[in-house]
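Presented below is the structure to which this report refers.
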Amino acid sequence: MSGIEILVWFVLAPLATYGLIALLVYTPSWARGPKYRPGLSWWAEPVWIGGGDLDAAQSAVVVPEGGGCSARW
């Protein structure tokens, strides 16, 4: 084997394999885009899942006088 073949098989081939594996690992997170990080403000619009009008739902909420997690019955 010549010196160039040795470099290709023992240096470039492992580096190419490492680069391919790294690319396969990081590509999904790059494609998804930015994530919400704690402490930062939320930039997306609010989403009401499984309901109708948000204002009507907020006005229909009844707060009980006792109970709940405060344990005041």
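Sequence-ordered 3J(HN,Hα) estimates for the stretch 20-30 from the Karplus curve with 6.51, -1.76 and 1.60 and θ = phi - 60° stand at 5, 5, 4, 5, 5, 6, 8, 4, x, 6, 5 Hz, glycine and proline given as x.
Peptide packing for 14-21, 31-38 was compared via the average number of neighbouring C-beta atoms within 10 Å per residue; ordered from the highest value, the list is 14-21, 31-38. Cβ-Cβ distance of residue 37 and residue 7, R₀ of 35 Å, FRET efficiency by 1/(1 + (r/R0)^6): the value works out to about 0.25.
Bear in mind that the values in this text are calculations on the coordinates, not laboratory data. All values derive from a computational prediction rather than experimental measurement. When we count neighbours, we look across all protein chains shown, and the Cβ atoms used for this are built from the backbone with ideal geometry, even at glycine.
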